[in-house]
Amino acid sequence: MNILFDHFPALYTERFALIEITTDYVTDIYNIFSNDNVTQFYDCDSFKSKNEALKLIELFQKRFKDGTGIRWGITLKNDTKIIGTIGFNSFQSDMVGRLGYDLNENYWNQGIISEAIRIITEYGFRTLNLHRIEAKVIPENIASSIVLEKNGYIKEGIMRDKGFWKNQHHTLILYSRNY
Ligand SMILES: CC(C)(COP(=O)(O)OP(=O)(O)OC[C@H]1O[C@@H](n2cnc3c(N)ncnc32)[C@H](O)[C@@H]1OP(=O)(O)O)[C@@H](O)C(=O)NCCC(=O)NCCS
């Protein structure tokens, strides 16, 4: 399923601005994804160069242009840097969105992603007319399970050895929330 936009839908709340991730933010994206604690559960290694951050931004931009996904940059009010990213990695058929998010480690455990998930979930249901939002989490990624559960996502099942990366099979928990 594709969702096409005529402009990037920036979202503003009391605490955040959720904005388009342009190449101007390459250093901020690099700072997030060059940290091993951020990428430890990911199917990619930590970035070693800003060129990798540029490629990721270009991927976000392509998905948005093609209508296959959307990723916002998280900025705190009164600050200009992107400290995290959140959005839909893909839109599946039957109005299903796949949620993904990450945060610069300097900002962990301040409730930022819990709040960002709340905003994006509401936007997904009310504005994009999604019917279901899914997220997949590695069982060891406790913080990621907590932020979903705090937002009403339900643990739907365990997908045993569903993923394979970094030379290992990985079990994934499937979370979902329906409209
Ligand atoms: C997962 C992640 C996005 C969470 O972002 P965050 O803004 O720090 O999350 P929040 O502060 O909103 O909530 C985190 C919760 O987990 C809890 N927590 C964190 N680490 C924990 C741990 N090891 N054990 C138990 N609880 C833990 C925090 O106390 C907090 O709960 P609380 O609000 O009830 O106190 C962030 O850790 C991150 O970027 N991780 C790396 C990327 C990633 O894993 N992305 C998700 C892939 S599925």
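The values are calculated or read from the model by the stated rules, or taken from the named source; none is laboratory data. All values derive from a computational prediction rather than experimental measurement. No Cβ is skipped: glycine too gets one built from the backbone with ideal geometry, and neighbour counts run over all protein chains shown.
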- Task: Output yes when any residue across region 103-112 is free of Cβ contacts under 8 Å to residues at least 40 places away in the same chain and touching a helix residue (DSSP H, G or I) at 6+ places or on another chain (Cβ under 6 Å), and no when none is.
- Result: no
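Starting from residues that are under 25 Å from TYR179 (Cβ atoms) and within 6 Å of the ligand (Cβ to nearest atom), keep the ones in region 103-116 and report whichever is surrounded by the fewest Cβ atoms within 10 Å (Cβ to Cβ). Walk me through how you get there before you give the answer.
Looking only at region 103-116, we keep the residues that are under 25 Å from TYR179 (Cβ atoms), and these are 111-116.
Next, from what is left, pick out any that are within 6 Å of the ligand (Cβ to nearest atom): 111-114.
On the way: GLY111: 11, ILE112: 21, ILE113: 25, SER114: 15.
Restricting to residues being under 25 Å from TYR179 (Cβ atoms) and within 6 Å of the ligand (Cβ to nearest atom), the top hit is GLY111.
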- Failed item in (1) within 13 Å of THR85 (Cβ to Cβ); (2) at pLDDT 95 or above, with PHE16 passing the rest: (2)
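From the list ILE82, ILE74, ILE70, ILE86, exactly one residue is away from the ligand (no atom under 15 Å from the Cβ) and either among the hydrophobic types (A, V, I, L, M, F, W, C) or within 21 Å of ASN151 (Cα to Cα) (or both). Which is it? Can you show your working first?
On the way: ILE82 fails: away from the ligand (no atom under 15 Å from the Cβ); ILE74 fails: away from the ligand (no atom under 15 Å from the Cβ); ILE86 fails: away from the ligand (no atom under 15 Å from the Cβ).
That would be ILE70, the only listed residue that is away from the ligand (no atom under 15 Å from the Cβ) and either among the hydrophobic types (A, V, I, L, M, F, W, C) or within 21 Å of ASN151 (Cα to Cα) (or both).
How about region 24-34: which of its residues are of a type in the set (Ser, Thr, Tyr) and more than 13 Å from the ligand (Cβ to nearest atom)?
In the first step, residues of region 24-34 are kept if they are of a type in the set (Ser, Thr, Tyr); the result is 25, 27, 30, 34.
Residues satisfying the conditions are TYR25, THR27, TYR30.
Here are some residues: ASN2, ASN37. Which one is within 13 Å of the ligand (Cβ to nearest atom) and either surrounded by fewer than 16 Cβ atoms within 10 Å (Cβ to Cβ) or assigned to a strand (DSSP E or B) (or both)? If you could, list the steps in order and put the result at the bottom.
Values: ASN2 fails: within 13 Å of the ligand (Cβ to nearest atom).
After applying the criteria, what remains is ASN37.
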- Message: Against the condition within 16 Å of the ligand (Cβ to nearest atom) and on the phi > 0 side of the Ramachandran plot, how does GLY97 come out, does it pass?
- Response: no
- Message: Quick check on region 59-75: of everything there that is touching a strand residue (DSSP E or B) at 6+ places or on another chain (Cβ under 7 Å) and part of a loop (DSSP other than H, G, I, E, B), which residue is surrounded by the most Cβ atoms within 10 Å (Cβ to Cβ)?
- Response: GLY69
